[in-house]
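To start, the structure under review is shown below, and the notes come after it.
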Amino acid sequence: VTGRARRVELAVEERTGALRHEVAERRRTEEALRASEQQLQAILDTARVGIVKTDLKGRILKPNPAYCRLLGYAEDELRERTVGQITHPDDRLEDARLLAAMTRGERDVYRREKRYLAKDGTLIHAQLTVALLRDAAGQPESTVGVVEDIGEHLRLAEAERARDTAESSNRAKSEFVSRMSHEL
């Protein structure tokens, strides 16, 4: 009986030790996960570009602060909207087409220029990169978009085109005056 009791006692101690080890390992995993989530949240909060997570119907699930600032909305106001509601009407059809292609599994990422409508009604030109997020079973679950305001880039490009046009006109005028003076 003493030998049997001792074997049971050792088995209980072994199992208890294994459970303690398992609990400690689970705690370490949970702490690592929490730390990872905090790092990810810090990255989202401090990113200088807009980042937005949406469901497959375009409902905004999680916008970062830069996305909110870009559009002039508070986070809770954006969560009440779809991406379509803050997109320029002429760009909505292409957004819907690309999202449908992602949902069907035809593509995992797309990149395009589009226009947003800010809360105050101003038009915002943006470069958008959208990636499909999948669940554990590999099924499409949601999307994440990175949005960069390219309005300043477009204004600079337009200014360069205007300068080039003015220089071209100036050269043509100089050439014309030169020819006229030669003819005279």
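Computed quantities for the displayed model
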| read-out | value |
| --- | --- |
| Nearest-10 value in Å² for the accessible area of Glu148, using the 1.4 Å probe | 80 Å² |
| Projected area averaged over orientations for the chain, convex hull of C-alpha atoms, nm² | 19.7 nm² |
| Alpha carbon centroid spacing (whole Å) that separates the range 84-98 from the range 1-67 | 38 Å |
| Mean accessible surface per residue for the range 98-160, computed with a 1.4 Å probe while every protein chain stays in place, in Å² | 57 Å² |
| Pairwise label distance in nanometres, Arg28 with Glu148, each label 7 Å out on the Cα-Cβ vector | 4.0 nm |
| For the range 60-135, the Rg and Dmax computed from alpha carbons only, in angstrom | 12.7, 36 |
| Pair Arg79, Gln127: separation of 7 Å Cα→Cβ label points (nm) | 3.1 nm |
| Spin-label model distance (nm) - Ser181 vs Arg115, 7 Å beyond Cα toward Cβ | 4.6 nm |
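The values are calculated or read from the model by the stated rules, or taken from the named source; none is laboratory data. What you see is a predicted model, and the numbers here were worked out from it, not measured in a lab. Neighbour counts run over all protein chains shown; Cβ positions are idealised from the backbone, glycine included. To get the accessible areas, we keep the full protein, side chains included, count just its heavy atoms, and leave off ligands, DNA and RNA. Shrake-Rupley method; radii C 1.70, N 1.55, O 1.52, S 1.80 Å.
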